[in-house]
Amino acid sequence: METAAELAALPDEDLMLLVANGLVEKPATELFRRHNRALFNFIAWQCQGNTAQAEDIAQRTWEKLMTRCADYRPQAAFRTFLFQIARNLWLDLRRSAAESRHAELDETRPETPSEDLAPEAELALRQNLDQVRQALLALPANQREVVVLRFFSEMSLEEIAHTVGEGFETVKSRLRYAFARLRRELEARA
């Protein structure tokens with residue numbers, strides 16, 4: 001049995017192979033520790049801030065991962081495999097429930113470093129964060145998806161292409177169009 005330190009040193013792909021071979025609890029816990037925050041953030045942006053829906057999809061993603069662990073092939077990065085499962089669950093939910101497209105936004109706001117800011121500066125920063133958040137949510141889903149994967153989940157363009165099932169150039173184009181749209185939106189709000 002691997003110790004926690006030994007498991008923490010293993011790459012994701014080796015941990016997933018341990019899970020696929022029946023050693024589930026400790027390797028799966030390590031994978032969860034490494035990837036759950038990024039996974040949740042990705043899903044939350046896709047769900048347009050509906051945290052209850054994002055939590056449900058994240059949980060279902062981990063459940064589905066455990067049932068599909070035999071399908072995993074280490075040719076693709078583990079994170080790509082995990083995010084593909086989440087994306088497919090989100091797309092299934094989106095297709096089956098038209099009302100989910102208009103889900104309520106969660107009212108939580110990003111934390112700001114208030115101890116070092118004057119009240120006026122903190123207010124301006126919060127307003128700017130809110131404008132960026134609104135502009136991101138206003139993007140078409142396919143553009144928002146690649147922005148979130150790139151900057152909130154820190155995926156490479158190649159990983160994003162594999163995750164969304166599109167070509168590298170398509171991902172680059174979506175990012176370029178998203179940034180142009182975000183720039184126009186934010187300049188219009190300024």
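The values are calculated or read from the model by the stated rules, or taken from the named source; none is laboratory data. Note that the structure is predicted; figures quoted are calculated from it, not measured. Reconstructed Cβ throughout: ideal geometry from the backbone, glycine too, with neighbour counts over all protein chains shown. All accessible areas refer to the heavy atoms of the entire protein, side chains included, with ligands and DNA or RNA removed. Shrake-Rupley method; radii C 1.70, N 1.55, O 1.52, S 1.80 Å.
Miscellaneous remarks
- Computed on protein heavy atoms with a 1.4 Å probe, the accessible areas place Asp12, Asp92 in the order Asp92, Asp12, largest first.
- Its residue count N sets the reference 2.2 N^0.38 Å, and the alpha-carbon radius of gyration of segment 3-96 equals 1.08 times that reference.
- Normalised per residue, the accessible area of segment 3-96 is 51 Å², obtained with a 1.4 Å probe and no contribution from ligands, DNA or RNA.
- Using a Förster distance of 25 Å, the FRET efficiency for Ala4-Arg37 (Cβ separation, nearest 0.05): 0.85
- Packing here is the average count of other Cβ atoms within 10 Å per residue, and on that basis the peptides 178-186, 149-157, highest first, run 149-157, 178-186.
- Extension gain from Arg184 to Val132, taking 0.36 nm per residue of separation minus the Cα-Cα distance: 17.6 nm
- Cβ-based net charge around Glu159, under 10 Å, with every Lys or Arg adding one and every Asp or Glu removing one: 0
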